[in-house]
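This report refers to the structure that appears directly beneath it.
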Amino acid sequence: MTSVADNLANIKKLITVYEQQYGRESGAVQLLAASKSQPLEKILAAYQAGQRRFGENYLQEALKKMSDLAANHPGVASSIEWHFIGPMQRNKTRKIAEHFAWVHSVDSDIIAKRLSEQRPAHLPPLNICIEVNISNQATKSGVPLAHVLSLAKECLTLPRLTLRGLMAIPAFHPDFNQQRQECHQLFLVWQALRDQEIALDTLSLGMSSDFEAAIAEGSTLVRIGSAIFGQRA
Ligand SMILES: *Cc1c(COP(=O)(O)O)cnc(C)c1O
């Protein structure tokens, strides 16, 4: 079994390799460690290896990790940047607005408005991505392609949010070229918004099984879980 530190070093190396291979600028792709269902020890191991951005999916689990860290490792707690990447529920928005720096999974104007209203005044505006349903699967979360522009415009009017970009979880494809095709769908929407003078700097795309395709298609932030931490409990 390889260590979290080894896995992290390996992923970082691959990101650099793919940046070069696909003509991306060096340093264009950031790494978010997706730590859902992983124990605190593994988060600490990644932290000690230099990782600062962590993504969590389940609010209660994330809050528990944050309070355990604040109690036992205050230096670590204060320098981690937490990203919420899980499905959004209306009754959870307040705690998310209070405890996270980023939310990647904004998928309705109601959620966006609540996050803006509930973002505490002493914190900077909450960074958000709109989650897009690129595969148009009824079961998947995210807004349909046709609604992305209007939701983006709505988010721009909300004072306590900073719209940073788009996020998607493509349908699983073992085939690299199919992965690229799906990733390209999100890139096209991202470009279309930028063509409308909407300033976006984040394309949150790519997980353990498809981050090469995502980087090839313009991802600026990959969310990697199992390839860093091992299989989830
Ligand atoms: C779990 C998760 C990831 C990471 O998935 P891996 O396949 O373990 O890399 C990335 N993004 C989201 C939204 C997730 O829920």
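The values are calculated or read from the model by the stated rules, or taken from the named source; none is laboratory data. None of these values were measured; they are calculated from a predicted model. A quick note on method: Cβ atoms are made from the backbone with ideal geometry, for glycine too, and the neighbour counts reach across all protein chains shown.
A few points about this structure:
- Among the residues of the stretch 47-61, some residue qualifies, meaning at least one is without any contact (Cβ under 8 Å) to a residue 12 or more places away in the chain, within 30 Å of SER108 (Cβ to Cβ), more than 13 Å from the ligand (Cβ to nearest atom) and not in a loop (DSSP other than H, G, I, E, B).
- In the set GLN178, GLN231, GLN191, only one residue is within 9 Å of the ligand (Cβ to nearest atom), more than 14 Å from the chain's Cα centre (by Cα), without any contact (Cβ under 8 Å) to a residue 12 or more places away in the chain and outside any strand (DSSP E or B); that residue is GLN231.
- Residues in the stretch 15-29 that are buried (at least 20 other Cβ atoms within 10 Å of the Cβ) and assigned to a loop (DSSP other than H, G, I, E, B): 1 in all.
- Of everything in the stretch 194-207 that is more than 15 Å from the chain's Cα centre (by Cα) and closer than 21 Å to ALA146 by Cβ, the residue that is farthest from the ligand (Cβ to nearest atom) is GLU197.
- Members of the stretch 19-29 found to be more than 16 Å from the chain's Cα centre (by Cα) and either over 16 Å from PHE211 (Cβ atoms) or within 16 Å of the ligand (Cβ to nearest atom) (or both), listed by number: GLY23, GLU25, SER26
- Selection within the stretch 208-226 - of a type in the set (A, V, I, L, M) and either at positive phi or within 6 Å of the ligand (Cβ to nearest atom) (or both): ILE224
- Output for the stretch 30-41, where each listed residue is surrounded by fewer than 17 Cβ atoms within 10 Å (Cβ to Cβ), more than 9 Å from the ligand (Cβ to nearest atom) and within 16 Å of GLN231 (Cβ to Cβ): PRO39, GLU41
- Meets criteria (modelled with pLDDT under 95, away from the ligand (no atom under 15 Å from the Cβ), more than 30 Å from PRO39 (Cβ to Cβ) and surrounded by fewer than 17 Cβ atoms within 10 Å (Cβ to Cβ)) for LEU149: no
- Identity of the residue in the stretch 64-86, of a type in the set (A, V, I, L, M) and in a helix (DSSP H, G or I), that ends up surrounded by the most Cβ atoms within 10 Å (Cβ to Cβ): LEU69
A quick yes/no check of all residues on (1) more than 20 Å from ARG160 (Cβ to Cβ); (2) in contact with a Phe, Trp or Tyr (Cβ under 8 Å, 6 or more places away or on another chain):
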position	(1), (2)
LEU59	no, yes
SER67	yes, no
GLY75	yes, no
GLN89	no, no
THR93	no, no
PHE100	no, yes
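- Being assigned to a helix (DSSP H, G or I) and under 21 Å from ASP68 (Cα atoms) holds for only one residue in ALA146, ALA97, and it is ALA97.
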